[in-house]
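The values are calculated or read from the model by the stated rules, or taken from the named source; none is laboratory data. Computed from a predicted structure; not experimentally measured. A quick note on method: Cβ atoms are made from the backbone with ideal geometry, for glycine too, and the neighbour counts reach across all protein chains shown. Areas reflect the complete protein model, heavy atoms only, side chains present, ligands, DNA and RNA absent. Shrake-Rupley method; radii C 1.70, N 1.55, O 1.52, S 1.80 Å.
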Amino acid sequence: MEGVAMKLPSFKSLAPTAISVASTFSIRRSLSFARRSSSLSAATITADSEPVSLGHRARKDFRILHQEVNGSKLVYLDSAATSQKPAAVLEALQNYYEFYNSNVHRGIHYLSAKATDEFELARKKVARFINASDSREIVFTRNATEAINLVAYSWGLSNLKPGDEVCAPLVILTVAEHHSCIVPWQIVSQKTGAVLKFVTLNEDEVPDIDMLREMISEKTKLVAVHHVSNVLASSLPIEEIVVWAHEVGAKVLVDACQSVPHMVVDVQKLNADFLVASSHKMCGPTGIGFLYGKSDLLLAMPPFLGGGEMISDVFLDHSTYAEPPSRFEAGTPAIGEAIALGAACDYLSDIGMPKIHEYEVELAKYLYETLASVPDVRIYGPRPSESVQRAALCSFNVEGLHPTDLATFLDQQHGVAIRSGHHCAQPLHRYLGVNASARASLYFYNTKEDVDSFIVALADTVSFFNSFK
Amino acid sequence: MAASMSSSCYLSSLRLIPFNRTFFSSVNPPSKNLILRPIPSFLRTIVTFLKIPTVIVSPLSASSSPSSSVDLQPIEELPPKLQEIVKLFQSVQEPKAKYEQLLFYGKNLKPLDSRFKTRENKVEGCVSQVWVRAFFDEERNVVYEADSDSVLTKGLAALLVNGLSGRPVTEILRVTPDFAVLLGLQQSLTPSRNNGFLNMLKLMQKKALSLEVKAEEGTSESTTDEASVVEVDLESKPPSVVEVEESESVSNVVALGSRGMRIREKLEKELNPVELEVEDVSYQHAGHAAVRGSAGADGETHFNLRVVSDAFQGKSLVKRHRMVYDLLQEELQSGLHALSIVAKTPAEV
């Protein structure tokens, strides 16, 4: 019971009957809370002295990682595609459906008031997680892709039109963008005539910042770039980019899918106009993501999807719209998922994003170094150095071996889960001159041993296929 | 009539492909679309009716299926070379050895000339690049060539090439991806966009069919039955299976031959119908390979049946169709290719 009060303050207000009725459930919950609190106390008490890494401690919270696949222990190295969820997040989702599931915002009765409270609390948690000034700057969407589409259709269609100037408005992207940050702008450009320009890579295999700076002109209306690349593992200097863009009156949209889960992201410091992220990459459930937009921008934007929730008054011939964020949240939202995302924010904050980032920087270096030591391996993106910090992922190719073969064998024979393909970055792969690549991506629940297992499996795979040449 | 016709056709086409049921428990329509999509709509008609007898007559296949729990296509229905390959893989227990075997096939695959690595020859939905080429030999058997930049995929392609090359179109079209399960390679059979193996097989079947169609269009019709032969203009056939049957059955009434009479007798005797219509629509399928040669001299291969009987009371649509098929087993085994069934109770008419 003490655990309940501490970890989920919202349950203080829950009717006592609910807790006493679910006796078996509470046993299970208290066990998992015990597990969670012990893992966290280990984190706080023994951080300085013990040799057990964050990865080892965190693993206990992720039951899914403790299984065998194809006869070997699962080594999950695909967190850039989706992250695993800790027990606390799963419980939050279960709790919602089990104790207070109800539609939000419109209801009068107890359950719906409770659901609404928790839903809006989750919004506040997300706002706090990225240091937004107001929770109304957080719009819940289905995922980051939908969030970018929201900006494209709502802000883009009305702001990327030629207007008075004769020349077409410019949108600046990079060749390394994820498809979700390319295709919506292509759609908008087809409708409005806006021109898209792409920044290419420099010799360090990162987007050329000087080129980006030069591209920015009075014609530029939007710069839409990633914070951390899901293929190259490089980061862009968003703060500087925002300064340059704002000088010419352009807006900046940041695709923070690979940064928000792994490091401190402070939208006040970055000063970006729009920022998007997905819940499922940051220990939250699928089906929910968010758009951060500065208040004055959101207020001026027309709706994206039409329906309930986003309206103020509806007549037969016209309707008036609600204020943001509701204006952009048509229909019943993914309530349970939003609440679980809030729980994910809590979980990550409890560990501490700086701590997670520090651990991952170390892991990233270890991964890069051990992978680079395997012969015939070509890793994409910059080399880690004093000035360059890579994200904890490596996209790579082995000479003479198709990444699909590699990934298949790693999975079938060694239980190692990596991704092979273009990782939703076909233009980047075309630019690099390859059809596909393999990618191993880590999160704070991975350990050095995971990396070691991967490298051993990789060596075995390479020798197996080489023997057939 | 049209509604029930369409539902019977829908069910018929669903039942064609057993893995539809067994592997994709979640959503049926996408898998149905996946099977039908690559094949142009007018050709879909032919493929639909072609496949029914091998699957519906399940009492036969159940016993011979090696995998007891699931209704897989029996191995005997596969082309001989493919049967051999499947048996070979089954005899190799260790997964690593299976992969070695697969790679061995791939290594010995005849290389594909780069001028054949075109868009039409590319298999959709593969993360690796796979090309397949098909052409007829002198005996109108299909010969395949293939290549891939991924060695595992090349192995799979080689497997299919070795297993299907040199065989007639009908045999190739009968193959379902079930045998991949028997190989034990754990190649996923879900109809996702990225399932290269499934798409490879489908492309090979599609190419076989289009070779056949092209050859047919080159020659005049050559059936020998006494029924009035209608030049089947494949290009202009309406897209839905339903409409084909409806529009053409009215204007071309054909006298029943011996098989038609037998069907009528059997159904009358066993089902005691209030209404019974037996219509021979074989001429609509005259000219395609399944009809030629395998139907025997009478050429009676395709029928529309309309049966109204109390015997169907309380039975689901599937059960009703089953009843009819069971009664006509003998015919199905001796050259009857396809039935389109409307089965109603008197109350439903």
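At a glance:
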{"quantity": "Residues losing 30 Å² or more accessible surface upon assembly, segment A:418-436, compared with the chain by itself, 1.4 Å", "calculated": "A:Asn435"}
{"quantity": "Efficiency of FRET from Cβ geometry, B:Glu139 and B:Glu265, R₀ 41 Å, rounded to 0.05", "calculated": "0.55"}
{"quantity": "Exposure ranking of B:Arg306, A:Arg142, B:Arg140 by accessible area [1.4 Å probe, largest first]", "calculated": "A:Arg142, B:Arg140, B:Arg306"}
{"quantity": "Per residue accessible area in Å² of chain A, where ligands, DNA and RNA are left out and the probe is 1.4 Å", "calculated": "42 Å²"}
{"quantity": "Size of the B/A contact, given as accessible area buried on both chains, probe 1.4 Å, in Å²", "calculated": "1400 Å²"}
{"quantity": "Residues of segment B:141-185 with amide N under 19 Å of a point placed 7 Å along Cα→Cβ from A:Lys469", "calculated": "B:148-155"}
{"quantity": "Accessible area of segment B:76-221 belonging to carbon and sulfur atoms, whole % at 1.4 Å probe", "calculated": "49 percent"}
{"quantity": "Set of segment A:76-107 residues, backbone N closer than 13 Å to the point 7 Å along the Cα-Cβ line of A:Glu120", "calculated": "A:104-107"}
{"quantity": "Sequence of B:Lys206, B:Lys214 from largest to smallest accessible area, 1.4 Å probe", "calculated": "B:Lys214, B:Lys206"}
{"quantity": "Accessible carbon and sulfur surface of segment A:55-157 relative to its total accessible area, %, 1.4 Å", "calculated": "52 percent"}
{"quantity": "Förster radius 25 Å - calculated FRET efficiency between A:Gln268 and A:Arg378 (Cβ-Cβ, nearest 0.05)", "calculated": "0.05"}
{"quantity": "Ordering of A:171-181, A:289-299, A:53-63, B:113-123 by burial proxy (mean other Cβ atoms within 10 Å per residue, highest first)", "calculated": "A:171-181, A:289-299, A:53-63, B:113-123"}
{"quantity": "In nm, spacing of pseudo-spin labels at A:Glu214 and A:Thr286 (7 Å Cα→C-beta vector)", "calculated": "4.3 nm"}
{"quantity": "Set of aspartates and glutamates with alpha-carbon distance to B:Lys344 below 13 Å, sequence-local pairs under 8 removed", "calculated": "B:Glu275, B:Glu277, B:Asp310"}
{"quantity": "32 Å Cα-Cα threshold exceeded, pairs from A:Lys219/A:Lys281; B:Lys207/B:Lys269; A:Lys294/A:Lys355; A:Lys73/B:Lys117; B:Lys107/B:Lys202; A:Lys221/A:Lys269", "calculated": "A:Lys219/A:Lys281; B:Lys207/B:Lys269; A:Lys73/B:Lys117"}
{"quantity": "Percent of beta bridges antiparallel (DSSP, chain A, rounded to nearest 5)", "calculated": "60 percent"}
{"quantity": "Local electrostatic count, A:Asp296, Cβ distance below 15 Å [Lys/Arg +1, Asp/Glu -1]", "calculated": "0"}
{"quantity": "Antiparallel %, DSSP beta bridges [both residues in segment A:173-312], to 5", "calculated": "40 percent"}
{"quantity": "Residue-averaged beta-carbon neighbours from other chains (10 angstrom radius) around B:142-153", "calculated": "3"}
{"quantity": "Per-pair calculated FRET efficiency, R0 = 25 Å: A:His66 and A:Lys448 via Cβ, rounded to 0.05", "calculated": "0.90"}
{"quantity": "Average other protein chain Cβ within 10 Å of Cβ, residues A:401-408", "calculated": "6"}
{"quantity": "Length released on extending from B:Arg119 to B:Asp310, taking residue separation times 0.36 nm less the Cα-Cα span", "calculated": "63.3 nm"}
